[in-house]
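Working notes, structure below.
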Amino acid sequence: MPVRPVFRFAPSPNGPLHLGHAYSALLNADMARAAEGRLLLRLEDIDVTRCRPDFETAIYEDLAWLGLDWEQPVRRQSEFFGDFTRALQLLDDDALIYRSYPTRGEIRAFVETREAAGETWPRDPDGAPLFPGDAAILPEAEIARRLREDAPYALRLDMAGALARVGRDLAWNETGVGPDGDAGTVAARPELWGDVVLARKDVATSYHLSVVVDDALQGITHVVRGRDLFAATSVHRVLQALLDLPAPVYHHHRLILDADGGKLSKSAGAASLASLRADGATPGDIRRMVGL
């Protein structure tokens, strides 16, 4: 008997949902319905300082108002840190992660100094400078001191070691369209990201690690998400290969943009679904506004 496709909508309860979230949620629901599949809701709340119960409640209210229905129970990532710790342990057993002690500010200052001297510093697809290694930033004695005192650290993936382990012929099946028109079988380029952070001393996981582990544990077969995460799929593919996890089909959709052509965001004050509802918008209006 064929396995039913499984889709998921996975917002973070760190602010109100806006039209961009509505589009992604509705598209997931539409595609699940068309495929006679299942729709799951996951709350990506690993940032326990910014995620709040009132935002979680608002997510349920907004999605129900849009007419969506999802399976229970809802998975809250904050309740499953042990799953992510076990995945980290597997990578550590293979000597593929390491502690890194430079702070974000120290890394930024190092790169700014090099760029001020005329050097072109490589950056990842999101525009962040690639990590140069602890020894480039901190004296050996300072690294030893921080190690001895168990100072704050990041757990980074040894990308070179990871690629030596799984090879460079990673790809994924893309049914959407990437920023450069990529579709079909897309070659993964995880090396463009360098040694990504998979956890920190005070946060047991990262988005990259938690999303890969959760998609596998929940049996997700189709990941439908914004095009801004297209490049990150390369990191997810290498983690799936290292952890022997299945690769879903990916569908990266267009983004809903503001009047200036920028991506809608909570931090920039994008109009919330709740405010649109209060102003008299209907679920049908929302579908029309996002082009469905």
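Bear in mind these aren't lab numbers, they're just calculated from the coordinates by the rules spelled out. Here the structure is a predicted model, which means the values were calculated and not measured. All Cβ positions, even for glycine, are placed from backbone atoms using ideal geometry, and neighbour counts span all protein chains on display.
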Within region 42-112, which GluC sites (Glu not before Pro) sit in a loop by DSSP and count at most 10 neighbouring Cβ atoms inside 10 Å? none
Along its principal axes, what span do the Cα atoms of region 157-249 show, with the longest given first and each in whole Å? 37, 28, 23
For region 141-292, what is the charge dipole size about the Cα centre, in debye to the nearest 20, if Lys and Arg each add +1 at the Cβ and Asp and Glu each add -1 at the Cβ? 160
Full extension from GLU142 to VAL249: what is 0.36 nm times the residue separation minus their Cα-Cα distance, to one decimal in nm? 34.0 nm
Loop by DSSP (not H, G, I, E, B), at most 15 other beta-carbon atoms within 10 Å: where is the longest site-free stretch of the chain for trypsin sites (Lys or Arg not before Pro)? 51-167
Evaluate E = 1/(1 + (r/R0)^6) for ALA271 and ARG114, where r is the Cβ-Cβ distance and R0 equals 35 Å; express this FRET efficiency to the nearest 0.05. 0.30
At q = 0.10, 0.19, 0.20 Å⁻¹, what is the base-10 log of I(q)/I(0) for region 79-238 according to the Debye formula with one equal point scatterer per Cα and no solvent? Please give it to two decimals. -0.42, -1.35, -1.43
Can you work out the FRET efficiency for the pair TRP65 and ASP169, with r the C-beta to C-beta distance and R0 = 30 Å, to the nearest 0.05? 0.10
Pull out the extension gain between THR85 and GLN72, defined as 0.36 nm times the separation in residues minus the alpha carbon to alpha carbon distance; nm, one decimal. 2.2 nm
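In square nanometres, what is one fourth of the surface area of the convex hull spanned by the alpha carbons of region 221-265? Could the numbers behind the result be given before it?
Details: hull surface 14.2 nm².
The number I arrive at for region 221-265 is 3.6 nm².
Gain in length, ASP30 to ASP126, computed as 0.36 nm per residue apart minus the alpha-carbon separation, to one decimal in nm?
Details: separation 96, 0.36 × 96 = 34.56 nm, distance 2.93 nm.
Separation in residues times 0.36 nm, less the Cα-Cα distance, equals 31.6 nm.
Given the Cα atoms of the chain, and with Rh set as the inverse mean 1/r over their pairs in the Kirkwood sense, what is Rg to Rh to two decimals? Let's see the in-between values first.
Working: Rg = 20.3 Å, Rh = 20.7 Å.
Here Rg/Rh amounts to 0.98.
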Rounded to one decimal in nm, the spacing of the 7 Å Cα→Cβ label points at VAL48 and ARG104 is 1.9
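Mean separation of Cα pairs under 8 Å and 6+ residues apart, divided by the residue count of region 168-292: what relative contact order is that in percent?
Values: 131 pairs, mean separation 33.4, N = 125.
RCO, region 168-292: 27 percent.
Just the number, please: Stokes-Einstein D of region 1-116 in µm²/s, Kirkwood Rh from C-alpha pairs, 25 °C, 0.890 mPa s.
Numbers: Rh = 17.3 Å.
Taking Rh from Cα pairs, D becomes 142 µm²/s.
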Virtual spin-label span in nm between VAL177 and GLU191, 7 Å along Cα→Cβ: 3.0
